[in-house]
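Following: one structure in structure tokens, then a few remarks.
Here, each number is a calculation from the coordinates, and none is a lab measurement. Just so it is clear, the structure is predicted and the values come from calculations on it, not from any experiment. Quick reminder, even Gly has a Cβ in these numbers, built from the backbone with ideal geometry, and neighbours come from all protein chains shown.
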Amino acid sequence: MEPRLNLFGNDLANQFVRRINAAGKVLADSGLPASTQELVKIRASQINGCGFCTDMHTKDAAAAGETSVRLNLVAAWREAKVFTEAERAALELAEEGTRIADAAGGVSDEVWENAAKHYDEEQLAALVGLIALINAYNRLNVLVRTPAGDYQPGMFS
């Protein structure tokens, strides 16, 4: 599949991506555990069919020490026993936050309350921002057909 637009080679797109990357830095530096952040990014990217982001965040998580077992089970997190209750709450919030159009009421109170049992207000703010941000990245890459597979950890550092 050929990309429709090179987000990194177009001046306007590059300016936009740099600015949302700055928002990503704020979230990366938050109190939300890095492993949880990567799991959430992977799950949302899987749901959205974003191969570039799924590839990127799977590789980043592996480079940070995440196990292949856990990475291979992200899509089946409900049945897998390798995730903590806090991670499961974050993955559930990520799913409902990503599938807003599929649920008439958006994110349910039950899902929110479960996440709030595991994360403080600052971490919840980071989680909400992260879910919104990865969905924006997914949409950018799916819209322009950014190809998957070429990403290497540290590529954008």
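Brief remarks follow.
- Note: region 55-157, Cα convex hull, 129 Å³ per residue.
- Taking a Cβ cut-off of under 13 Å around Asp60, the surrounding Lys, Arg, Asp and Glu residues balance to a net charge of -1, with basic ones at +1 and acidic ones at -1.
- Listed by number, the DSSP H helices of the chain that run 27 Å or longer by alpha-carbon position along their axis and have mean Kyte hydropathy of at least 0.0 are 121-144.
- Evaluated at q = 0.14, 0.18, 0.22, 0.28 Å⁻¹, a Debye calculation over the C-alpha positions of region 88-140 (equal weights, vacuum) places log10 I(q)/I(0) at -0.33, -0.55, -0.80, -1.16.
- Here region 1-108 yields Rg over Rh of 0.99, to two decimals, using C-alpha coordinates and the Kirkwood radius.
- Two-site FRET efficiency, Glu113 against Arg78, from Cβ-Cβ distance with R₀ of 25 Å, rounded to 0.05: 0.90
- Listed by chain and number, the lysines whose C-alpha is less than 24 Å from the C-alpha of Lys59, apart from same-chain residues fewer than 8 away, are Lys25, Lys41, Lys81.
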